[in-house]
Amino acid sequence: MKDLRVITPETVLSEQEIAKLTSFLFDHLEQYGDEPSAIQKAILYANGHDTPGGYILELLDQQELISVAVINKTGMRDYIPENILVYLATHKDRRGQGLGSQLMEQMTQLVKGDIALHVEPDNPAKKLYEKFGFSNKYLEMRLIKK
């Protein structure tokens, strides 16, 4: 097991750390990610800049960031899961080593309550999520207002 750092709303992150996390996720989520501004919003929310907060899990190998998960608390329960896994990314050069599984294992043990996530049908991470018991209970539909 690599070193795990758990970031909560009580953790003070510097602007440099926030920028590093944002850049890592943007680079390693590739076509399945969002714009840096959206990624940074999720990081700040998880870090408690907005309630109810959440978690950021970093997997480190000799201080090198190799995998990250960002979980936001939803503030709801029963009818909507208490948490949403917003982002999970492993360094491009470190994939296939079980790091995503290690991070998922730690996340599912740490996070209290149910967890939702969004994944595109062709995303290879879908198999990882299914391995950990995630299922496709609903079809999500969105109205995007411009």
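FYI, it's all coordinate maths here, none of it is from the lab. Small disclaimer: the values here were computed from a predicted structure and weren't measured. Neighbour counts are summed over all protein chains in view; Cβ atoms, including those assigned to glycine, are modelled from backbone coordinates with ideal geometry.
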Worksheet entry | Residue-wise HN-Hα coupling along the stretch 10-22, computed from phi with Karplus coefficients 6.51, -1.76, 1.60 (Hz; x: Gly, Pro) | 7, 7, 8, 9, 6, 4, 5, 5, 4, 5, 5, 4, 4
Practice prompt. Go through [x] 34, 22, 16; [y] 21, 19, 16; [z] 36, 15, 12 and flag the label whose value is the computed semi-axes √(5λ) of the Cα gyration tensor in Å for this structure.
Written response: [y]
Worksheet item: Under 14 Å from the 7 Å Cα→Cβ point of Gln31, by amide nitrogen: which residues of the stretch 113-139?
Response: 120-125
Worksheet item: Near His28, within a Cβ-to-Cβ distance under 13 Å, what is the net charge of the other residues, with Lys and Arg +1 and Asp and Glu -1?
Response: -2
Practice prompt. Enumerate by residue number the GluC sites (Glu not before Pro) in the stretch 54-146 meeting two conditions: DSSP loop (anything except H, G, I, E, B), and at most 16 other Cβ atoms within 10 Å of the site's Cβ.
Written response: Glu140
Discussion item. Using Cβ counts within 10 Å as a stand-in for footprinting exposure, how do Thr22, Thr11, Thr51, Thr90 rank, fewest first?
Written reply: Thr51, Thr11, Thr22, Thr90
Worksheet item: Add -39500 (n - 2.57) for each DSSP H run of 4 or more in the chain, then divide by its residues: what number comes out at 222 nm, to the nearest 500 deg cm²/dmol?
Response: -9000 deg cm²/dmol
Discussion item. Could you list His91, His49 so that the one with the fewest beta carbons within 10 Å of its beta carbon is first and the one with the most is last?
Written reply: His49, His91
Worksheet item: Straight-line reach from Lys112: which lysines have Cα under 24 Å away, leaving out those fewer than 8 places along the same chain?
Response: Lys2, Lys41, Lys73, Lys126, Lys127, Lys131, Lys137
Discussion item. I want the local charge near Lys2. Using Cβ-Cβ distances under 13 Å, sum +1 for each Lys or Arg and -1 for each Asp or Glu among the other residues.
Written reply: -3
Discussion item. Could you work out the relative contact order of the chain? I mean the mean sequence separation of Cα pairs under 8 Å and 6+ apart, divided by the number of residues, in percent.
Written reply: 19
Discussion item. Sort Ile18, Ile71, Ile7 by Cβ crowding within 10 Å, fewest neighbours at the top.
Written reply: Ile18, Ile7, Ile71
Worksheet item: Label points 7 Å out from Cα along the Cβ direction at Asp93 and His49: separation in nm?
Response: 2.9
